[in-house]
Each structure stands twice: as C-alpha cells, then as structure tokens.
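Contents: one structure, followed by commentary.
Laboratory data are not the source of any read-out in this text; all were calculated from the coordinates shown. All values derive from a computational prediction rather than experimental measurement. Here the Cβ is made from the backbone with ideal geometry for all residues, glycine too, and neighbour counts use every protein chain on show.
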Amino acid sequence: MAKAKPQPRAASRAALSSSYAETQGPGGETHQTAGATGAILTTAQGIPVADDQNSLRAGARGPALLEDFHLREKLFHFDHERIPERVVHARGYGAHGFFELTDSLSDVTRADVFHREGERTPAFVRFSTVAGSKGSADLARDVRGFAVKIYTKEGNWDLVGNNIPVFFIQDAIKFPDLIHSVKPEPDRGFPQAASAHTNFWDFISLTPESMHMIMWVMSDRAIPRSLRFMEGFGVHTFRFLDKKDRSTFVKFHWKPKLGLQSVVWNEAVKINGADPDFHRRDLWDAISTGNFPEWELGVQVFDQKFADRFVFDVLDPTKLIPEEELPVRIVGRLVLNRLVDNFFAETEQVAFCTQNVPPGIDFSNDPLLQGRNFSYLDTQIKRLGGPNFTHIPINAPKCPFAHFQQDGHMAMRNPVGRVNYEPNSWGQDGGPREHPVGTSSFAEDTGPKQRLRPDSFADHYSQARQFFISQTAGEQKHIADALVFELSKVERPDVRARVVSHLLNIDDGLAGAVCDGLGIEPPEPAKAARPTNRKLQPSDALSILKRPPGAFTGRKLGILLTDGADIALYDALVSATKRAGGAVEVIAPKISGAKLIDGTIVPAQQKIDGGPSVLYDAVVLLFSPEGADALKTDKAAQDFLSDAFAHCKFIGYTGPAAVLFDVTGLGDKFDDGCIELKSKRDAGAFLNTCRALRFWDREPGTKAKDAAAPPKKAKPKK
Ligand code: HDE
C-alpha cells in the first residue's frame, strides 16, 4: 500500500512576495508571469499551491474531496482551453512585422498609412489553408489565406486576402454552400482538408462562375513550397478616397521578394506525411534565423473610365485585371521580423474583419465583399466569446481610441467617469466627440431592390482560358494532372463528365488530357451564358515558371552524409550555400552525425528516415565508398534519391554514390540535373545550377520538344 506523502510546509507571505516576478496588469494590479523563475506556483486566484502532484483525498487511497479547489480550478480551466476553430481558414500561422511606405499615394488616398515615405507601421500577418481543420496538414491542395492587419495611426486596417487573386463565387449568399461542399461530407466526416471528393465537384460542376478559380486551385499555386514564396491579393476591387472625397478604384497585391515557388503534387502528398507542419516550421525557421520574409505591396489604381472600358466588370470577384493591361505600382514593403510569443494569444485570437478600413480606403459594391463585411464581425463574437475582442492585445488598435462602448463579457478596459453617451453637455468632461476626419463613404449609384446577377458577371470561361494559356507546358500538365487526380476521387461519373463539359469551354487540349486521364469520351460542352473570348492574350504574370527567381536565396540544401565523406567538399558546399543565401540541413544514417574522412564529426539535423528529400529544394549525396556500400540497401536512402529525381530536383553526388542510382533503377538516367561533385571546386558551380530550383526537363511531357507538340484535342461527341 502506498504511503501518504508528508505535506510540505506553506511558505510565509514575506517569502512569497519576494519570490514573485511581478508585472503590472491592465488595472495596475501585479501578477506573476508563468515563466518567472523561482516564482511560487499559485492558483488563478493567487493562492499559493503546496502540492501540484496529488489531489486532496480522504485517506491515501480514499475518494477525492470536493474542497480541493486547486484540483477543481485546474480541471475547469483545462476543460475550457479551446475556443471554436475558424469555420474556414482554421489552420494558420502568424508573425509580426511592419509595413513601410516606399512611394507615397497621397495623390489618390487620404489614408494616413500611405502618406509618408519611409514610415513604418506595425503589422501582423496570418497565413492559412481554407478547408482543413486546425490539425490538418500544411500541404493540402488549397487556397492560402494571406490576412494582414496593419495597425495604422487611424485605426486597424485588415486586408484579408488570399494567395489567389480571384474567388470561386460571385455572391456571398453562395459561400456557405461552397464551404459545405468542400469540407468533410456530413454523414461520414471525411475527407479532411481535401477538395478531391464528390460533393465539392458536384457543387463546382453546377457553378460555372467557379471555373477561373478552379484553374488556379488545380495549378501549382495551391501547393506552395513555402508561405514565403507566394503572392497575396486583396481580391476585390476596393476604393481609395482622396482629401476631397474623389474616388479611384484599387486592387492590392503582395509580391514576395524571394519569388514564387511551388512543389509538385507527389511531393506535397509525401511532405504531408514527413512533416505536416512544413510551412509553419519554414516560417519559424526563417524568422528565427534572421531571414525575414518580405513582400512588396503593389496597387493597381484605376478610374471609372478604365472600369467602363475593361472587358469584365471590376466588381466581379471571379475576374482579375492582367498586369499587362494595368501595371502594378509598387508602393511599400511588408517585412515579417518577429515570431509570436504565444500561438494561442496571437495567431489563434487574432480577429480579422474586412470592414476594418481607415479613412481613405473604402469598399466597392462587389457583392462578395459586401457579404464579408457582415460575416467577419459576426464570426469574432462567436469565436472570441463576446463583443470585447478588441481588448485582446493582438486586436487592439495601437493608436489612441475613445468611444462609449462599455461592459460585456471579459471587459478589460473599463471607462471611468460619469459620461457614457453622446451628445452630452458635459463640456471638457464629456468625452470624445465626432470629427470630420472619420471615414466617409463614396456615394455609389444604386438601383431598384432586386435579387439579380448582373449581365456583366455572365462570362465564366474567358479568364479561365486566359489563365490556362498563360502557363508553361509543364504548368498546364500539372493542371490537367490535378484535375484527373481530383475527379478520379469523385464517385459519380455524371459529375466527372459535367466538370469536363466546362473544360471544353476553356481549352480543348486541357479537356482532352482530362478525358484521357479519366478514360472517358468527351461530353457535350456546357451551355455557356457567354461564349468564351478566345482573343484574350496570355499574361506571363499569371505563371510561376515564366518568372523564376533565379536564386537559391531562402532555399534549403539537404546533404545526405555518410561516415568517411570528404570534409573539404562538405565545407565548400556549406559555404557556397551560405553565399547563395540558402540553408543546409545534414541528413545521416544516425542522428549523432557522420565522422568525416579527417575524423571530424558533423552532427545531423535529421536521421535518414526522418529527413526525406521532399523536405529540400536540392540534395547532395556526399558518400564515401564504405558509406555508399552501407546505404545502398537502405530503403530510406533509395527513396531519398528516387523522390529527388522524380521531383526534378538538382542532385549533386560523389562518385561512390553512383551505386545508389543503380539500385534505384536510375543507373542509365543520369541527366544534366545530376551533377557529379569531384572535389571542393565543384561546390560553387553546383549551387549556381541550383538557382534554377528544378530541372524541369526531366519531367515527362514538359521538355521543350513536348511543349511544342499540341496536346491531343478533345472532340465533343455529337
Ligand atoms: Fe473569408 N472568412 N469569407 N474569404 N477569409 C473567414 O472569418 C467569408 C473570402 C479569408 O487568418 C472567417 O475570422 C465569407 C474571400 C481569410 O483569421 C469567416 C466569404 C477571401 C480568412 C469568413 C468569404 C477570404 C478568412 C472565418 C464570402 C479572400 C482567415 C474565421 C462572402 C479575399 C483570416 C474568420 C484569419 C476567414 C467569411 C470569402 C479570405 C467565416 C462569408 C473572397 C484569409 O468570417
């Protein structure tokens, strides 16, 4: 029988107060921080705790006692640790930084944040996936949220955007249906974080307005290599208002300094197994090593005249304005330079609201944006439990604010004094007064009350086609492959065929490739409300691979290292990668590392089965003859190479590693992307080659000669 533990004596009050690490609370009260060293553990009420290991029981083996307030408080608080996850964009990752204006926009907007070049304004960004729940994997094929909160001197500006410049639907009233269709099917509760299922494609096949967005979501944009390597877009057309209330339209763009990069689908699937936190870890690593991710802010500003002559309605969120038609003016930069202190307090509790705009930025009549302006505030009340979510530090403005809102759940900032209303006649003591500096809205024309989709929103295929023809042959193939993959998970043949009927209005080659992949005959093209405009010119800005970054900066080299390997070559690779602005990770048969030829032990960051090549942008097999011999039968080493090869990565290797190519069936497949490293002198040239990021020629169907061959055309059946 276990013996009862003697109770430690309670510390004296004097000892307690001297050991507390005290900080000031909002009301001037003192409290200790959880991490304070030497502090005495207390309950949430501040009562010292003598025993945090054993609950209070009647006898050592007796029942627990209700009077154990410490036990009850601890369990009660634990039971309430979760708040509802976001209905969409549940999985996300945030960081702090600043926005710096580089080109004043005072000519077009009175928004203070756009007035003084060189001025920095604090910002918080939360990236996210849309469909999966909080615990889902980072590399689901999905849109990425790109939500930016800028704490301006005139209040918080929330630009709640995505990494894709258009959206699935034109009217907010369809949002619940879209999201229901993509989320796990309600009877079975799966699939998680995947659009590859019947309900999603059923909805899409009946919603032709989604076709442009579908092209983007099936493209490599939906599987970014890193959150640092993707663009962001405000999506909707907004308005600027100048000092005289004159208005222009504006579309917002975030452009990553490190360029765009995505992974390939087979790689994405494997990354999700190898490291479901791939994107958040990447952001964490970059910021914590001082490699601060950066984006330029660009604007497309245009007037009513441009809007009138533009071929589509600028209020239609399924359309973009090609950069070739209206250049993007770079006006600032966003730098993320600080990790959160606490994930829950900041990333989880941050509350973005599209309606948070400072004076000088206004809404357009985009029907999706109008609906969002209701939805976000409503969501925050549900998620954060009441109207006082602006009292949470991450959501509080950093400029002075004053109003008469009061009380409610968890009110942390409580007004003092007698006056809590206005107008009032208390003069100086009467509190804040309204001022013309506040937002005024641009007076838009309105019409009769009606439920009607305007005619100007009726073209659903032309820009889908424009996006498709703007891609390289390889990117086009990825879109076709993604459609075949997704539709092969759809259980109903009629739904598959209905999707293809829309593709026929976009591009015959695409429809043909998808029919081939599904093993079906082409159906009749879908009836289009407007015929596809085939005259729209390709826009290079829509392709990732037409504008490669041409640098290894921010990328990662994985060196698979064995005992006995050449130290000089290893050192040279590390220095060349550093010079290129990249990072190195060592993978070895044992986590303790590899003992190189001169006896130096290089510690590993990954044991071989925990560090598959999908986690790296380029790889090196740095083997000694004995090391190669030991690894040639290792399944993880074989996969390391065959995946790197299949994913078109540059592969550096030392002579002895050739045996791994043989055992993986690649012995006769050496190409220009496989580079033998004979000595340390080859390291620099190898890193230079890696600047191209992938050796796309290796991918079947994307070599220059294949690209020139027109894809098989689909002829609709009569
Ligand atoms: Fe959202 N969206 N959304 N959305 N959205 C939410 O707000 C909603 C739309 C976007 O990191 C929710 O706080 C409606 C377009 C991002 O916290 C919710 C409609 C775009 C985030 C909501 C849209 C977005 C959200 C869920 C159609 C790109 C994550 C939790 C009218 C321009 C923000 C929350 C974060 C989050 C509603 C469409 C982007 C439910 C009704 C279009 C980046 O309020």
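By DSSP, the beta bridges lying fully in the chain are antiparallel in about 80 percent of cases.
Once you order the gyration tensor axes a ≥ b ≥ c over the Cα atoms, which shape class does region 556-692 get: rounded for a/c under 1.5, otherwise prolate or oblate by comparing a/b with b/c? Working shown, then result.
Working: a/c = 1.30, a/b = 1.02, b/c = 1.27.
It comes out rounded by the Cα gyration axes.
Do the alpha carbons of any pairs in K535/K649; K183/K477; K183/K270; K489/K546 sit beyond 25 Å of each other, and which pairs? Check vs 25 Å cut-off fails for K535/K649; K183/K477; K489/K546. For region 403-466, applying the loop criterion from DSSP together with a ceiling of 13 other beta carbons within 10 Å to the trypsin sites (Lys or Arg not before Pro) yields R413, R418, R433, K449, R451. Take every Cα pair under 8 Å in region 480-534 that's 6+ residues apart, average their separations, divide by the length, and report that relative contact order as a whole percent. Taking the mean separation of contacting Cα pairs over the length of region 480-534, I get 39 percent. Mean separation of Cα pairs under 8 Å and 6+ residues apart, divided by the residue count of the chain: what relative contact order is that in percent? Dividing the mean separation by the residue count of the chain yields 11 percent. Extending 7 Å from the Cα toward the beta-carbon at both N420 and A636 defines two label points whose distance is 6.2 nm.
For the chain, the dipole from Cβ point charges (+1 on Lys and Arg, -1 on Asp and Glu) about the Cα centre works out to 240 debye, to the nearest 20.
For n ≥ 4 DSSP H runs only, could you compute -39500 (n - 2.57) per run for the chain, divide by its residues and tell me the 222 nm figure to the nearest 500? Kindly include the intermediate steps, with their values, before the conclusion.
Details: 19 runs with 184 residues, N = 718.
It lands at -7500 deg cm²/dmol.
What number, in nm² with one decimal, is the all-direction average of the projected area of the convex hull of the alpha-carbon atoms of the chain? For the chain, averaging the hull's shadow over all directions gives 41.8 nm². Between S441, S262, T109, the Cα set farthest toward the positive side of the dipole of the chain (charges on each charged residue's Cβ, about the Cα centre) is that of S441.
GluC sites (Glu not before Pro), restricted to region 462-491: which are DSSP loop and have at most 13 other Cβ atoms within 10 Å?
Details: sites: E475, E486, E491; in loops: E491.
Answer in residue order: E491.
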